[in-house]
1. If one takes the longest principal axis of the Cα atoms in the chain, at what angle in degrees, from 0 to 90 and to the nearest 10, does the Cα axis of helix 67-84 lie?
2. Report the residue, chosen from 179, 75, 227, that carries the largest GNM mean-square fluctuation when the chain is represented by alpha-carbon nodes joined by springs under 10 Å.
3. In whole angstrom, how far apart do the alpha carbon centroids of segment 113-185 and segment 215-232 sit?
4. Could you give the nm distance between label points at residue 237 and residue 84, where each point is 7 Å from its Cα heading toward the beta carbon?
5. Could you work out [θ]222 nm for the chain from helices alone, using -39500 (n - 2.57) per DSSP H run of at least four and dividing by all its residues? Round to the nearest 500 deg cm²/dmol.
6. Given a Förster distance of 35 angstrom, what is the FRET efficiency for residue 97 paired with residue 24, based on the Cβ-Cβ distance and rounded to 0.05?
7. Using a 10 angstrom cutoff on alpha carbons, build the Gaussian network for the chain and name the most mobile of 48, 234, 118.
8. Using only Cα atoms, tell me the angle between helix 98-130 and the longest principal axis of the chain; keep it within 0 to 90° and round to the nearest 10.
């Protein structure tokens, strides 16, 4: 399994997937902090750390649209090499089981999204300092937000892995993700629906505006369990269909 994951990471490295995503993540940070600074007189009345005020604006751009789309691009790129060079049948002719191959690709996508979250947090700190935010950086709170945002992305990655495997065309799964993310922007405002729409779940924990987010041990534990169960169900379906040869 380790060798399979290492191989998948090398494929993504050659495609410069992470470099491209880093550049994209700066867009919501710059836009969000610009909005925050431009309207600072409004935010000044709130008795909240400036970093968290700024985060509310940054997350408004990042969590509902940019984040799920980048995660979906990772999933599509993981299968792109196999479909582009017709390597899938060659790989399936090796002693590697379909289940191991599917799981290794999923773990690779999960690790890439985790790394993306870490880089996003560092980028937010750097750009925030350049914008002149002087309040103490709430590292514990930011890590908490990023971690649960990553957990919320697990169901999304599962669904996008399934779509990326099903559709050989690289852009098709990304187009689906883009449309569903835009729709998720509105669905996330509906209390009951935001937990069942994979492209909106990550916004639940990352968007702290209007007292949103997840607070307390039990709500956080319930959120993690829910995301893991959602992830397992979708992955079991994907593995079964892949193992039965329905896709390739």
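Bear in mind these aren't lab numbers, they're just calculated from the coordinates by the rules spelled out. Computed from a prediction, not measured in an experiment: that's the story for all the values here. FYI the Cβ positions are ideal-geometry reconstructions off the backbone, even for glycines, and counts take in every protein chain you see.
1. 20 degrees
2. 179
3. Segment 113-185 and segment 215-232 have Cα centres spaced 18 Å from each other.
4. Using points 7 Å along Cα→Cβ, the separation is 2.9 nm.
5. Values: 11 runs with 186 residues, N = 248.
It comes out at -25000 deg cm²/dmol, rounded to the nearest 500.
6. On the way: r = 35 Å, r/R0 = 0.99.
Computed FRET efficiency for residue 97 and residue 24 comes out at 0.50.
7. Among 48, 234, 118, the largest mean-square fluctuation in the Gaussian network model of the chain belongs to 48.
8. For helix 98-130, the angle is close to 20 degrees.
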